[in-house]
Amino acid sequence: MTTTTRHTAGERRTAVLAAAIHEFAEKGLHGSSTDQIARAAGISQPYLFRLFRTKKELYLATARETTESLYAVFERASRGKTGPEAAAAMGDAYNEILSDRARLQLQLKCWASCDDPEVCALVRATWRDLVDLVEQRTGGTREEVASFFAKGVLLTILQGMDVFARPEPWAERLVEGCRSEAGTR
């Protein structure tokens, strides 16, 4: 006898977001397939559109989920810390995020999709919140905060080029430069 497990709407929504993150990370908003996302999530395409009215709404939901989780990681890592200790804690936390290549690929796709006003508004709001958090927790100068984000963006781009899995000397030098001054390993 085979038993099936019924999932709640929240569980199905979570499965759809996870599948969509991978599909959008690989193919972007316009190249992705809602049919493929639905199959990967184990639901029908009509049900996917009951959860999210449009593919763009799903794209924005995945972008929001990944950016909100990034904020949460930074907030948790720096909680109770200030100054360089907070910056180092957030930098270390970002090193862990770098292992999730799909989320970072989606992040890069979102940044590149800022010609769309809704995507741009979401990306800008995310950056505003992250900058405010880093400024508040670290008390860093404008230059220090800019350097923190510049290094994070460079690490994201390097991960997008898959240099962590397939390292090259030039990339290793950049990675070491990003991590050494921030106090991360």
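Any read-out appearing in this document is the output of simple, stated calculations on the displayed coordinates, not a laboratory observation. Every value quoted in this text rests on a predicted model; they were computed, and no experiment measured them. Here the Cβ positions follow ideal geometry from the backbone for every residue, glycine too, while neighbour counts run over all protein chains shown.
Overview of values
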| item | result |
| --- | --- |
| Residue that is at negative phi, without any contact (Cβ under 8 Å) to a residue 12 or more places away in the chain and under 18 Å from the mean Cα position of the chain (by Cα), where the choices are Lys27, Lys109, Lys56 | Lys27 |
| Selected residue (criterion: surrounded by the fewest Cβ atoms within 10 Å (Cβ to Cβ)) from residues of segment 82-123 that are touching a Lys or Arg at 6+ places or on another chain (Cβ under 8 Å) and under 18 Å from Met161 (Cα atoms) | Asn95 |
| Index of the failed condition, Glu57 passing every other in (1) touching a helix residue (DSSP H, G or I) at 6+ places or on another chain (Cβ under 8 Å); (2) surrounded by fewer than 16 Cβ atoms within 10 Å (Cβ to Cβ); (3) among the charged types (D, E, K, R) | (1) |
| First in segment 12-24 and closer than 15 Å to Gln107 by Cβ and in contact (Cβ under 8 Å) with a residue 12 or more places away in the chain, second anywhere and surrounded by fewer than 19 Cβ atoms within 10 Å (Cβ to Cβ) and hydrophobic (A, V, I, L, M, F, W, C), Cβ under 6 Å, 6 or more apart | Ile21/Ala102; His22/Ala102 |
| Where Arg79 falls short, out of the listed (1) exposed (fewer than 13 other Cβ atoms within 10 Å of the Cβ); (2) farther than 23 Å from Leu122 by Cα; (3) within 17 Å of the chain's Cα centre (by Cα); (4) not hydrophobic (A, V, I, L, M, F, W, C) | (3) |
